[in-house]
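Remarks on the structure that follows.
The values are calculated or read from the model by the stated rules, or taken from the named source; none is laboratory data. Here the structure is a predicted model, which means the values were calculated and not measured. As a convention, Cβ positions derive from the backbone with ideal geometry for all residues, glycine included, and neighbour counts pool all protein chains shown.
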Amino acid sequence: MSDRVLISIEGGVADVRLNRPDKLNALDPAMFAAVAEAGESLKGNPSVRAVVLSGEGRAFCSGLDFSAFQQMGERSAPRDDGPSIMSTDGRETHLGQQACWVWRELPVPVIAAVSGACLGGGLQIAL
C-alpha cells in the first residue's frame, strides 16, 4: 500500500485518508493508483462494516495536480512517478475512473468526510 492513502480499521470502521497534505491531496497518477488500490483492498475485508473517506491537512482533495497533467493523458508505460491513468489493468474502467468507482463497489456504506477544498476529481471521489 502506498503512503499516499492511509487506512486504519477500528471497530469495523475503515478510516481512509488521502495523504498528500502539502499539495492539498491533489490527484496525480500515483494518487489515483493509491486511491483505487485502497478501495480494492477494502472490498475483500469482511471485518469492514463502514468506510469514512477524508483528507489529511486542510483539504479533502483539491482535484487534479496540474503539474502532472501532461503525463496523465499519455497512454505510455508506467513511469517512476506513477502509472498512466488511462491504464485499465483488465477492468472496465481506467485508473482515473476507478479511483471514483471503487467506492461504489464496496458492499458497505462509504461516508465522505469533506473538510476544506473539494474540487474536480476530489468532488467525484466524494460523490
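Descriptive notes on the structure:
Let's see how each residue does on (1) at pLDDT 60 or above; (2) aromatic (Phe, Trp, Tyr); (3) surrounded by 12 or more Cβ atoms within 10 Å (Cβ to Cβ):
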| position | (1), (2), (3) |
| --- | --- |
| 75 | no, no, no |
| 80 | no, no, no |
| 93 | yes, no, yes |
| 96 | yes, no, yes |
| 103 | yes, yes, yes |
| 108 | yes, no, yes |
| 114 | yes, no, yes |
| 123 | yes, no, yes |
| 126 | yes, no, yes |
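- Annotation note: of 51, 13, the sole residue that is buried (at least 18 other Cβ atoms within 10 Å of the Cβ), modelled with pLDDT of 95 or more and not basic (Lys, Arg) is 51.
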